[in-house]
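S.K.: Next up is a structure, given as structure tokens.
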Amino acid sequence: MAKSPEEEHPHKAFGWAARDSSGVLSPFHFSRRENADEDVTIKILYCGVCHSDLHSIKNDWGFTSFPIVPGHEIVGVVTNTGKAVKKFKVGDRVGVGVLVSSCKNCENCQQDSENYCPQMTLTYNSIYHDGTKTYGGYSDTVVVDERYVLRFPDNLPPDAGAPLLCAGVTVYSPMKYYGMTEPGKHLGVAGLGGLGHVAVKFGKAFGLKVTVISSSPKKEDEALNRLGADSFLVSSDPAKMKAAFGTMDYIIDTVSAVHALAPLLGLLKVNGKLVTVGLPEKPLELPIFPLVMGRKLVGGSDFGSVKETQEMLDFCAKHGITADIELIRMENINSAMERLAKSDVRYRFVIDVANSLSQ
Amino acid sequence: MAKSPEQEHPKKAFGWAARDTSGVLSPFKFSRRATGEEDVTFKVLYCGVCHSDLHMTTNDWGMSIYPLVPGHEMVGEVTEVGSKVKKVKVGDKVGVGCVVGACHSCENCTNDLEVYCPDMILTYSTIYHDGTITYGGYSDTMVANERYIIRFPENVSLDASAPLLCAGITVYSPLKYFGFAEVGKHIGVVGLGGLGHLAVKFAKAFGAKVTVISTSISKKEEALEHLGADSFLLSRDQEQVQAAKSTMDGIIDTVSASHPILPLIELLKTNGKLVLLGAPEKPLELPVFPLLMGRKTVAGSATGGLKEIQEMVDFAAKHNITADTELISMEYVNTAMERLAKGDVRYRFVIDIGNTLAATKP
């Protein structure tokens, strides 16, 4: 008979989990595996609240296995290292993102793209090599193979830096891969939330002209005056959208709900690229004529590899880029989720795990 | 009052035109402009029959101007050149493809991408700079600005090279632009028709491994034995499709009818690209998860710029690549259109203008 979450591993752990698709989170006792030779054990300090966490606790995508402990924007401190560990020592500040394992043999793994390994193991809601379920960062500790652990730069604040581990790399990786980094080019950022606001910051750091495309006119002031975007386009204003037709070299589409691609494709110049990183529940409608008549492309990107995440963290440390966050206590997570569902956050909740997660 | 097609220009011309949306073509007298200082006039010898011609004669896209003389895969021999023309001389073998004019000053034009210029002028059924309608290659002569003239090397077979001017460039351009044109890449070609068969030939010439993806088992032998494809995937066979998942670097999709793209996206490896050349009228469903989970791309492409067309023609000459054609007489063209509508051609009709058009003059 399968062991209970509390008994399956030798080290006690405590976190908050959702038990069913109501998505309500509550205290949950479970356990973490023995620290193997390549593993590090991490005491969790902060964990970002990603929209994927919300999708997962509600089982929006249909593959959640309850109970589920979400959280894949983890920052903490190393408390134990296995004997084969080379990159870290006890006391190091580290991060864990969206994945905690992969096959290590396939072409993707061999080329530092573990995030595209068909057998990758996600930080939560996946099955690990030992057959047990992975539990994420809304918890006090986590044990991870060092290959998938990030060095967290000392000069990056651990709370405001936590969202970089998913939101950050999810925009950084495609911006690099699809070549959205030529100074002077024009980037559109669709959606101004956890991902979008970081994309604006990266865009400016790459020397791009940045236009925020949003359905909420009230985000204009923030976008221009606080985040440093060069212009703001209200997507529900047909005249303004038409005037901006054919002006952008690239667009990062961070919108997670189902939405129309045609207007965004119209904003692109010839050879323009639209990269979508949101995960809507249903397929989107893709008009082909604009693609053919302008040699445009629509690309996808998941999050980022370990190597890219590390590169991004170091880039952020160098350029002073962090997320704009609202720090919350663990016990307020359910109201945070309700607010997140209404996009009522500027722009990422981060759970102060170490100071508020008490048994 | 507007002049008639016969009178609006100084040089007599004769061709076949569609008069209305029935798409039926018949003899048509019109005229061509005088050879301007940058123009080249040539006697048309052959003209390929493109599926676009079929769409345009029946006004499928709502942009046809009647009477409509189709044809944008025309080749012939130069008879006159303007005083400023440097590219060609009388007697040279030349061709004209899909575009005969553009603004020449926008970003696209300066980057040799005239086909993407917002003011681009198509070879037929479009208004030219002088306000007159353009007429295509189902005719005895053609006058075009030197920039839009493609030079053909002496030793190529002109009739079999005519389809390169649209079908050829439409597959060559994305094979290069999207990085499929490399040794060792595994490329899928969806649809084995005018475009598809040339895509196979070009991709093989680039050193790629080629799989033809088709709904018709009858095309398998052709694909493997005659065109040199490495393998054939029957898209209706679920087992074959399953086995081919995540094996292709790129897919060139030449099918213009609406069809699901999820199975094609699944054939791609990580970072793979699906390039659509046919544009169905309605949007397709884009499954987002598979795109994201493999960092895959869906893109479109339309013919190519003039510089690239010349490059392609030279490449084809060097590698002995021509289209597989069925040469027809001018008066056969309506029957050819009916057969084309059913995909009954291997793989491009080419009208023997030089030898059969004049006989149809009333």
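The values are calculated or read from the model by the stated rules, or taken from the named source; none is laboratory data. Remember, predicted model here, so these are calculated numbers, not experimental data. So basically every Cβ, Gly included, is an ideal-geometry build from the backbone, and we count neighbours across all protein chains shown. Calculation scope for accessible area: heavy atoms of the full protein, side chains included, ligands and nucleic acids excluded. Shrake-Rupley method; radii C 1.70, N 1.55, O 1.52, S 1.80 Å.
S.K.: Tell me, what does the Kirkwood hydrodynamic radius of the range A:170-300 come to in angstroms if you use every pair of distinct C-alpha atoms? Could the numbers behind the result be given before it?
M.R.: Numbers: mean 1/r = 0.0697 Å⁻¹.
Computed over the range A:170-300, the radius equals 14.4 Å.
S.K.: Same structure, new question: Apply the Debye scattering formula to the protein assembly as shown, with a single equal point scatterer on each alpha-carbon and no solvent, then give log10 I(q)/I(0) at q = 0.05, 0.06 Å⁻¹.
M.R.: For the protein assembly as shown at q = 0.05, 0.06 Å⁻¹, log10 I(q)/I(0) is -0.31, -0.43.
S.K.: Another question about this same structure. According to a simple spin-label model (label point 7 Å from Cα along Cα-to-Cβ), what is the distance in nm between B:T21 and B:L327?
M.R.: So the label points at B:L327 and B:T21 sit 3.8 nm apart.
S.K.: Skip the ligands, DNA and RNA, and give the accessible area per residue of the protein assembly as shown with a 1.4 Å probe, whole Å².
M.R.: Averaged over the residues of the protein assembly as shown, the accessible area is 40 Å².
S.K.: Continuing with the same structure: So for the protein assembly as shown, taking the charge dipole from beta-carbon charges (+1 Lys/Arg, -1 Asp/Glu), which of A:V149, A:M337, B:A243 sits furthest toward the positive end?
M.R.: Sorting the options by dipole projection puts first A:V149.
S.K.: Restricting to DSSP H runs of at least four residues, report the calculated mean residue ellipticity at 222 nm for chain A, -39500 (n - 2.57) per run over all residues, nearest 500 deg cm²/dmol.
M.R.: -6000 deg cm²/dmol
S.K.: Hey, can you grab everything whose amide H is under 5 Å from the amide H of A:I328? Only 5+ residues off in sequence or another chain; H modelled, so Pro and N-termini drop out.
M.R.: Sorted by chain and number, the residues that satisfy this are A:V350, A:I351, A:D352.
S.K.: Taking amide H atoms as placed 1.01 Å from N in the peptide plane, list the residues 5 or more away in sequence, or in a different chain, whose amide H sits under 5 Å from that of A:L208.
M.R.: Placed amide hydrogens put A:G184 under 5 Å from A:L208.
S.K.: Report the relative contact order of chain A, percent, no decimals, based on alpha-carbon pairs under 8 angstrom and at least 6 residues apart.
M.R.: Computed over chain A, the figure is 18 percent.
S.K.: Classify the range A:94-246 from the C-alpha gyration tensor, please: rounded if a/c falls under 1.5, else prolate or oblate depending on whether a/b exceeds b/c.
M.R.: Judged from the Cα gyration tensor, the range A:94-246 comes out prolate (a/c at least 1.5, a/b above b/c).
S.K.: As a quick test, which of the pairs A:K296/B:K273; A:K176/A:K307; A:K58/A:K219; A:K307/B:K185 have an alpha carbon distance above 20 angstrom in this structure?
M.R.: Cα-Cα > 20 Å for A:K58/A:K219; A:K307/B:K185; rest within.
S.K.: Also: What net charge is computed for the residues neighbouring B:L327, neighbours being all others with C-beta under 15 Å from the C-beta of B:L327, Lys and Arg scored +1, Asp and Glu -1?
M.R.: That sum, taken over residues with Cβ under 15 Å, equals -3.
S.K.: Something else about it: Once you keep just the Cα pairs under 8 angstrom separated by 6 or more residues, what percentage relative contact order results for chain B?
M.R.: Working: 832 pairs, mean separation 62.6, N = 362.
For chain B, the relative contact order is 17 percent.
S.K.: Take the cross-link list B:K176/B:K204; B:K43/B:K342; B:K11/B:K86 and give me the ones stretching past 20 Å between alpha-carbons.
M.R.: Working: B:K176/B:K204 13 Å; B:K43/B:K342 31 Å; B:K11/B:K86 23 Å.
Too far apart for the 20 Å limit: B:K43/B:K342; B:K11/B:K86.
S.K.: What size of dipole, in debye to the nearest 20, comes out for the protein assembly as shown about its Cα centre when the only charges are +1 on Lys and Arg C-beta atoms and -1 on Asp and Glu C-beta atoms?
M.R.: With only Lys, Arg, Asp and Glu charged at Cβ, the dipole is about 660 debye.
S.K.: Same structure, new question: Using a cut-off of under 20 Å, list every residue of the range A:49-66 whose amide N is near the label point 7 Å from the Cα of A:A257 along the Cα-to-beta-carbon line.
M.R.: A:50-62
S.K.: How much mean residue ellipticity at 222 nm does chain B get from its helices, if each DSSP H run of length 4 or more adds -39500 (n - 2.57) and you divide by all residues, to the nearest 500 deg cm²/dmol?
M.R.: -6000 deg cm²/dmol
S.K.: For chain A, with only Lys/Arg (+1) and Asp/Glu (-1) charged at the beta-carbon, what is the dipole magnitude about the Cα centre, in debye rounded to 20?
M.R.: 780
S.K.: Highest mean first, how do A:319-328, A:238-247 rank when packing is the count of other Cβ atoms within 10 Å averaged over residues?
M.R.: A:319-328, A:238-247
S.K.: State, in square angstrom and to the nearest 100, the accessible area buried between chains A and B, both chains counted, probe radius 1.4 Å.
M.R.: Protein heavy atoms only, the A-B interface buries about 3100 Å².
S.K.: If you don't mind, another one. Considering Cα pairs under 8 angstrom that are at least six residues apart, work out the relative contact order of the range B:262-362 and quote it in whole percent.
M.R.: Over the range B:262-362, the number comes to 22 percent.
S.K.: If you count, for every residue in B:277-285, the Cβ atoms of partner chains within 10 Å of its Cβ, what is the mean?
M.R.: Mean partner shielding for this stretch: 5.
S.K.: In sequence order, what are the phi-derived ³J(HN,Hα) couplings for the range A:25-34 according to the Karplus relation 6.51 cos²θ - 1.76 cosθ + 1.60 with θ = phi - 60°, rounded to whole Hz, with x for glycine and proline?
M.R.: With coefficients 6.51, -1.76 and 1.60, one gets 9, 7, x, 8, 8, 8, 8, 10, 5, 4 Hz.
S.K.: Separate question: Please sort B:342-353, A:75-86 by packing, taking for each peptide the average over its residues of neighbouring beta carbons within 10 angstrom, highest first.
M.R.: Sorting B:342-353, A:75-86 by mean packing, highest first, produces B:342-353, A:75-86.
S.K.: Once both labels are modelled 7 Å past Cα along the beta-carbon direction, what's the B:E37-A:K3 spacing in nm?
M.R.: Each label point is offset 7 Å from its Cα along the Cβ direction, giving 9.0 nm.
S.K.: Hey, another quick one. Given H placed 1.01 Å from N in the peptide plane, which residues other than close sequence neighbours of B:L327 have an amide H under 5 Å from its amide H?
M.R.: Under 5 Å from the amide H of B:L327 lie the amide H atoms of B:V350, each far enough along the sequence or on another chain.
S.K.: Past 32 Å, Cα to Cα: identify those pairs from B:K29/B:K219; A:K282/A:K318; A:K104/A:K269; B:K3/B:K84; A:K242/B:K3; A:K204/A:K342, in the order given. Mind dumping the intermediate values first?
M.R.: On the way: B:K29/B:K219 41 Å; A:K282/A:K318 39 Å; A:K104/A:K269 39 Å; B:K3/B:K84 29 Å; A:K242/B:K3 37 Å; A:K204/A:K342 27 Å.
Among B:K29/B:K219; A:K282/A:K318; A:K104/A:K269; B:K3/B:K84; A:K242/B:K3; A:K204/A:K342, the Cα-Cα distance tops 32 Å for B:K29/B:K219; A:K282/A:K318; A:K104/A:K269; A:K242/B:K3.
S.K.: Carbon-plus-sulfur fraction of the accessible area of chain A, 1.4 Å probe, in percent?
M.R.: Using a 1.4 Å probe with all protein chains present, chain A comes out at 51 percent carbon and sulfur.
S.K.: Still on this structure, please answer the following. Which of the peptides B:104-117, B:169-182 is most tightly packed, and how do the rest follow, judged by the mean count of other Cβ atoms within 10 Å per residue?
M.R.: Sorting B:104-117, B:169-182 by mean packing, highest first, produces B:169-182, B:104-117.
S.K.: Running a GNM on chain B with Cα contacts under 10 Å, which residue among B:A336, B:A243, B:A167 ends up with the highest mean-square fluctuation?
M.R.: B:A243
S.K.: What FRET efficiency, computed as 1/(1 + (r/R0)^6) with R0 = 22 Å and r the Cβ-Cβ distance, is obtained for A:A243 and B:T110, rounded to the nearest 0.05?
M.R.: The formula returns an efficiency of 0.40 here.
S.K.: For chain A, what proportion of DSSP beta bridges, expressed in % and rounded to the nearest 5, is antiparallel?
M.R.: Roughly 55 percent of the beta bridges in chain A run antiparallel, per DSSP.
S.K.: Would you list which aspartates and glutamates come within 16 Å of B:K318, measuring only between C-alpha atoms, while excluding same-chain residues fewer than 8 positions from it?
M.R.: Within reach: B:E154, B:E308.
S.K.: Could you size up the charge dipole of the range B:305-350 around its Cα centre, putting +1 on the beta carbon of Lys and Arg and -1 on that of Asp and Glu, and report it in debye to the nearest 20?
M.R.: Details: 6 positive and 8 negative charges, 17 e Å.
So the dipole magnitude of the range B:305-350 works out to roughly 80 debye.
S.K.: Going out from 0 in 20 Å bins, what whole percent of all Cα-Cα distances in chain B drops into each bin?
M.R.: In whole percents, the pair-distance histogram is 30, 57, 13, 0.
S.K.: Kindly write out, for the range A:113-124 in residue order, the coupling ³J(HN,Hα) from the Karplus curve 6.51 cos²θ - 1.76 cosθ + 1.60 (θ = phi - 60°), rounded to whole Hz, with x marking Gly and Pro.
M.R.: Computed from phi, the couplings for the range A:113-124 are 10, 4, 5, 10, 5, x, 10, 5, 10, 7, 4, 9 Hz.
S.K.: Identify the residues of the range B:295-334 with backbone N under 19 Å of a label point that sits 7 angstrom from the Cα of B:H226 along the Cα-to-Cβ direction, or state none.
M.R.: So the set is B:320-329.
S.K.: List the pair-distance distribution P(r) of the range A:57-113, using every Cα-Cα distance, as the percent of pairs falling in each 5 Å bin from 0 up to the bin containing the longest distance, rounded to whole percents.
M.R.: It works out to 4, 13, 13, 19, 19, 18, 10, 4, 0, in whole percents.
S.K.: Ok, one more. Can you find, among A:V258, A:P238, A:V306, the residue farthest towards the positive end of the dipole of chain A? Put +1 on the C-beta of Lys and Arg, -1 on that of Asp and Glu.
M.R.: My answer, from the dipole projection, is A:P238.
S.K.: Let me know the mean shielding of A:300-311 by other chains, meaning the per-residue number of their Cβ atoms within 10 Å of its Cβ. Could the numbers behind the result be given before it?
M.R.: Values: counts 14, 7, 6, 1, 0, 0, 0, 0, 0, 0, 0, 0.
Mean partner-chain Cβ count within 10 Å for A:300-311: 2.
S.K.: Give the average over all directions of the projected area of the C-alpha convex hull of the range B:115-258, one decimal, in nm².
M.R.: 11.4
S.K.: How many partner chain Cβ atoms sit within 10 Å of a residue's Cβ in peptide A:271-284, on average, as a whole number?
M.R.: 4
S.K.: Along the range B:284-289, what does the Karplus equation 6.51 cos²θ - 1.76 cosθ + 1.60 (θ = phi - 60°) give for ³J(HN,Hα), rounded to whole Hz, x for Gly and Pro?
M.R.: Couplings: 9, 7, 10, x, 6, 3 Hz.
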